[in-house]
Structures are given as structure tokens and as C-alpha cells.
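See structure below.
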Amino acid sequence: MTQPAEVETTGRFLVLLQEDAVEEGLAELGAIAGFDPNSGDLESDTVQVFPELGVAVVSADPNLLAELNGAAERPGPVQIVEPERVVHAYDAAPAEDLEPAADESVLTWGLQAVSADVSTATGKGVKLAVLDTGWEKNHPDFEGRSITTKSFITGEDVQDGHGHGTHCIGTSAGPRKPATLPGYGIAYEAEIFAGKVLSNAGSGSDGGILAGIDWAVANGCAVISMSLGADVPAGTPYSQIYETVAQRAMAKGTLIIAAAGNASMRPAKIAPVGHPARCPSIIAVAAIDVNRAIAQFSSGSVDKIGQIDVCAPGVDVYSSFKLPEKYRRLRGTSMATPHVSGVAILIAEKTGARGFELWARLAGTALRLPLPSTDIGTGLVQAP
């Protein structure tokens, strides 16, 4: 239950409910926190409920925490209570030279590195959710695409005032033949679900992310891509609630893929995998550069809790951006994650695999590189 002082929290609490007893759990929560679960208003300031996941976010007086914990310690529908964390888009400071030493006249170096350029898969008919800062609704490269949007940030619509989300959507599912080359999208015919869980300032909370995950699972998305998180000190336990959520999502056919974090300063310092990527049932993605070296900022497996699973291109990545800029090069495990998510969509289309089978195929077909598995997991993901 306790969190290191370095982890920023909101004052609210996440509550995991027994999967087959959500209504009973809400009744118990109502008795503790003082709300009526039968009022029909479960999107109130007091409680939010995510029925696909069996999780609630409770805005409770801290004095009620002991009662919530007591309920979690007894046999019953309230199982785990955790503080809600603040999360951010994972940004890495750009280097002075943003032009990679690669031929990008037709396709970006990242697409070439994951073999998307030679794959016959397109992602058609498969749903991809990108939970981030939203979506540039007026981007000309996406005219005619199937894009479903929803904002989970109070007071902000899905329009991307930051750019990070639009960049990630572009890498995972943007076009191969835009009016201005290079092509930059992997699963270029996938159905896109753009969920705004981070504000235009690039920050959000666990509750917004869980709301986005619940929405994506309810809509049958095969993959959820999350280029976000919170840095944690080494040895920090992973979130048991997120771990259970990831397991429940996977059982429903939805695989969650998340950025490992950008807190390292290699070679002097290797930072641990951040939240929520450090959960065992969430794929944690590291970043490599055009020379297939581990990115200087990429977090790694420095404790036995958070493990890197795969790696992908994450340095000087060209993709779509908010208008009027339209395109930008960015770096970070945030940029590596949509490469992995796009490849996962292609594998899902080709094989019909979902959930854990999709994870196994994604990790099992990765290209082994001459780097430690603590840095890159099973290797560089490859399109089918």
C-alpha cells in the first residue's frame, strides 16, 4: 500500500473488485465512502467504476483509507487498494542531430528496422487503441481512415494540443504513402481508437488511463499502446491493480504494451522500468537507435520486478504531429512503443492471435541483437 515519496499521487484511491462480484463490491464501497451505488450516477466526483476491468477510483477522505484497507484485508469483493498515481507522456530530450544516418526517402528507418517494409500485412480489420494526449483531428494524412475518439480528460476534448499522441498514432498506424514522403505508419489500415488520457500539458492519472483501458477493452481492441508512465525508484513493487487489469484485459483478447521509461543516463546510470510497464502482464518496451544500440535514455531491467520484454526504434523517429507543424522527429521509449504496437497489430491480422498468444508470437519472433536481454528483452520486434 505504501508508495515511495518520489512517486507523485493524486489523493484518490484505486480499488480492485472481485471480478465476479463487482456489484457487491460497489455496495461495500458505498457503505464505506458514503455514496449510493444504485443512484445511477457512478461517474460522480466520489467514484468512477470501470466495469470491464472490475476497478473503481474513489475520491475519499484520507481518513477512510483505513476502512478501505480493512475491507481489502477481509474475504470479500473489495480486494486491493492503492493510491492513484500521476503519470506523464514519456519525453526524452532531443539530441542536436535529429537526422538518422539512414535512407528515408520512401519509408522511415524505424519501419525498415522492424521489417514492415517487406510485410504483406496491413492491419486491416484489427482495432488498435492509443492512449495518450489525443489526436490531431485535422491531420490531412488520415482522411478517410476509421478513427474513433474519446477524451477522458475533464474540460479537454480529444484534440491533441500536445502532439505526443498524434506522433504515436502516426508510427503505429499512419500512412505508408502520404503526400509528403517518407511513409511512417506500420499498421496503416488498422482501425484506430484514440483515447485522450493525458492532458494537453502531457500529464494525467491512473484513473484516466484505466478509463481508457476499459473503453478499449469494451470496444474489442486487440492492442492498447501506452507511451506514458511514472518513473519509480529501484525495488518499487509493481501495481497489483494494474497487473490484475492487464490479466483481465488479456483474457478478453486485449494486449497492453507500454513504454519502459526514459530515466536512464547510460552508461553511468540505468534506471528501472517505470509504472505501469513494470507489471509482469504488460509488455515493457525499450528503445534502440539507428545503429541498433540501446538508447542512452532507455530504462532497463535493474531489479527483479520490472523487466524489459522487447525493443524497437525510439531515436529520431519521424511521424505525424499536431498542426500546423504536421510532422516532427522525436525520441523516447514513447516512440519505440507504437512500433511494437503496430507490429503486434500486423501479427494479429496475419495469425488471428489475441491476448497471451499474440504476446508469445510478438516476443518469440523478435530479432536477437548483440545486447543484454536486461536492455532489450527478446530483441527487436519484426513484422510478419
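The values are calculated or read from the model by the stated rules, or taken from the named source; none is laboratory data. In this text, all values refer to a predicted model and were calculated from it rather than measured experimentally. All Cβ positions, even for glycine, are placed from backbone atoms using ideal geometry, and neighbour counts span all protein chains on display. Just so you know, the surface numbers come from the protein's heavy atoms only, side chains and all, with ligands and any DNA or RNA stripped out. Shrake-Rupley method; radii C 1.70, N 1.55, O 1.52, S 1.80 Å.
Using +1 at the C-beta of Lys and Arg and -1 at the C-beta of Asp and Glu, which of 255, 174, 290 has the Cα lying farthest in the positive direction of the dipole of the stretch 151-295?
With unit charges placed on the Cβ atoms, the residue in question is 290.
What FRET efficiency do you get for residue 66 and residue 240 if R0 is 25 Å and r is their Cβ-Cβ distance, rounded to the nearest 0.05? Please list the in-between numbers first.
Working: r = 19 Å, r/R0 = 0.75.
Plugging the Cβ-Cβ distance into 1/(1 + (r/R0)^6) gives 0.85.
Carbon-plus-sulfur fraction of the accessible area of the chain, 1.4 Å probe, in percent? Don't skip to the end; give the middle numbers.
Values: 7150 of 14380 Å².
Result for the chain: 50 percent of the exposed heavy-atom area is carbon or sulfur.
Would you mind giving the three semi-axes, in whole Å and largest first, of the ellipsoid equivalent to the chain according to its Cα gyration tensor?
Values: eigenvalues 231, 95, 70 Å².
Taking √(5λ) for each Cα gyration eigenvalue gives 34, 22, 19 Å.
Pulled fully out, how much extra length does the chain show between residue 103 and residue 146, if you take 0.36 nm times their separation in residues and subtract their Cα-Cα distance?
Numbers: separation 43, 0.36 × 43 = 15.48 nm, distance 3.03 nm.
Separation in residues times 0.36 nm, less the Cα-Cα distance, equals 12.4 nm.
With an 8 Å Cα cut-off and a minimum separation of 6 or more residues, compute the relative contact order for the stretch 269-384 in percent. Please report the intermediate quantities before stating the final value.
On the way: 235 pairs, mean separation 31.7, N = 116.
The normalised contact order for the stretch 269-384 reaches 27 percent.
Post the alpha-carbon centroid distance, the stretch 12-29 to the stretch 164-205, in whole angstrom.
34 Å
List the lysines whose Cα lies under 23 Å from the Cα of residue 269, skipping any in the same chain that are fewer than 8 positions away.
Candidates past the 8-residue exclusion: 304.
Please identify the helices of the chain, taking whole runs of DSSP H, that span at least 20 Å along their own axis as judged from the Cα atoms and have a mean Kyte-Doolittle score of 0.0 or higher.
333-351
Using a Gaussian network model on the chain with a 10 Å cutoff between Cα atoms, which of 157, 231, 316 fluctuates the most?
157
Once Lys and Arg get +1 and Asp and Glu get -1 on their Cβ, which of 217, 185, 204 lies farthest toward the positive end of the dipole of the stretch 112-226?
So the residue furthest toward the plus end is 185.
Under 14 Å Cα-Cα from residue 137, which aspartates and glutamates qualify once same-chain neighbours fewer than 8 residues away are excluded?
Counting by Cα, and skipping residues close in sequence, residue 137 has these aspartates and glutamates nearby: 156, 157, 160, 325.
Using only protein heavy atoms and a 1.4 Å probe, report how much of residue 141 is accessible, in Å² to the nearest 10.
Near enough 30 Å² of accessible area.
If you find the alpha carbon centre of the stretch 349-384 and of the stretch 119-143, how far apart are they in angstrom?
Each part's Cα centre sits 21 Å from the other's.
Only Cα pairs within less than 10 Å get springs; with that Gaussian network setup on the chain, which residue of 356, 13, 152 has the largest fluctuation?
It is 356.
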